[in-house]
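Undergrad: The structure that follows is given in the form of structure tokens.
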Amino acid sequence: MEKTAGKFIVIEGLDGSGKTVKSKILADHLKGRGLKVNLSFEPTSGPIGAIIRQVLVGRLQVDPKTLAALYAADRLDHITNPENGILKHLKDGVIEICDRYDLTSYAYQTLSVDENWVWQLNSQAIRPDLTIFLDVDPEECWHRLSRSQVDAEMFHDLAHLKEARSKYLAAILALKDREKIVVVDSNGDLQEASKRVVDEATKYLRQEGII
């Protein structure tokens, strides 16, 4: 039976934690169960997201505050875009799975920008129904990134990864009583970690009467 109201699920984690692969596995699993699903990501493929990606790989130089503001603006466009925004999908009864969301800003932008200002920048972002944080040892993430063929980005060094993980965990601790956030061990075998993500999302959707 087709549902009339969508749900917003976010997959968060360090670079190298396997977010993109696991987000796709989850989306494919839910589609296989007959649900309407849209898989999106941040930074988006929109005009602001394109600027952010240029900054991340060093082709453009901006102040850290400017980068934080760009992330917030890209996020608001992602939410409100009338053609393919998150709000439109949710209204249409779609399960929106997003690879990164505002916890990314709290984890990475606050490495060099005032934390309260970053929180305020993102205060208009709608809240996810479920956030799954893929917890991976920063050294493992660094090794995965070193072996990958993706372009090196400004936060891919081990020191940034270690500090970002601490920021993620602090943000999760601050939000845990107000939002549904699940921490999933994503070290080791991809298949096992992916199953944990699918199981957590399935459990939530079952509780909500979606499946």
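The values are calculated or read from the model by the stated rules, or taken from the named source; none is laboratory data. Please read all numbers here as calculations on a predicted model, not as lab measurements. Because the Cβ atoms are built from the backbone with ideal geometry, glycine has one as well, and the counts that use them run over all protein chains shown.
Undergrad: Given the conditions (1) under 23 Å from Pro138 (Cα atoms); (2) at pLDDT 95 or above, which single one is not true for Lys36?
TA: Every condition holds for Lys36 apart from (1).
Undergrad: Just to be sure I understand the filter: pairs with C-beta atoms under 8 Å, separated by 6 or more residues or on different chains, first member in the range 85-102 and within 16 Å of Ser17 (Cα to Cα), second member assigned to a helix (DSSP H, G or I) and among the charged types (D, E, K, R). Which pairs pass?
TA: Asp99/Lys19; Arg100/Lys19; Tyr101/Arg75
Undergrad: Follow-up question, since we're still on this one. Identify, from the list Asp114, Asp77, the residue that is farther than 14 Å from Ser17 by Cα and either without any contact (Cβ under 8 Å) to a residue 24 or more places away in the chain or in contact with a Cys (Cβ under 9 Å, 6 or more places away or on another chain) (or both).
TA: Asp114
Undergrad: Next question, about the same structure. Just one of the numbered conditions (1) modelled with pLDDT of 95 or more; (2) touching a Lys or Arg at 6+ places or on another chain (Cβ under 7 Å); (3) surrounded by fewer than 22 Cβ atoms within 10 Å (Cβ to Cβ) is not true of Arg127; which one?
TA: (2)
Undergrad: Looking only at the range 178-202, which residues are loosely packed, with under 13 Cβ neighbours inside 10 Å and within 16 Å of Asp129 (Cβ to Cβ)?
TA: Listed by number, the list holds a single entry, Arg178.
Yes/no per residue for (1) over 30 Å from Arg147 (Cα atoms); (2) out of contact with any Pro (no Cβ under 7 Å at 6 or more places or on another chain); (3) of a type in the set (S, T, N, Q):
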{"site": "Leu26", "(1), (2), (3)": "no, yes, no"}
{"site": "Thr44", "(1), (2), (3)": "no, yes, yes"}
{"site": "Pro64", "(1), (2), (3)": "no, yes, no"}
{"site": "Ala69", "(1), (2), (3)": "yes, yes, no"}
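Undergrad: Right, next: Report the residue count in the range 92-104 for those that are assigned to a loop (DSSP other than H, G, I, E, B) and hydrophobic (A, V, I, L, M, F, W, C).
TA: 1
Undergrad: Consider Leu14 carefully, then state whether it is closer than 22 Å to Ile172 by Cα, aliphatic (A, V, I, L, M) and in contact (Cβ under 8 Å) with a residue 60 or more places away in the chain.
TA: yes
Undergrad: Quick one: which of Lys65, Lys24, Lys36 is more than 25 Å from Arg165 (Cβ to Cβ) and among the basic types (Lys, Arg)?
TA: The match here is Lys36.
Undergrad: Return the only residue of Glu83, Glu139 being within 21 Å of Lys167 (Cβ to Cβ) and either loosely packed, with under 14 Cβ neighbours inside 10 Å or more than 16 Å from the chain's Cα centre (by Cα) (or both).
TA: The conditions single out Glu139.
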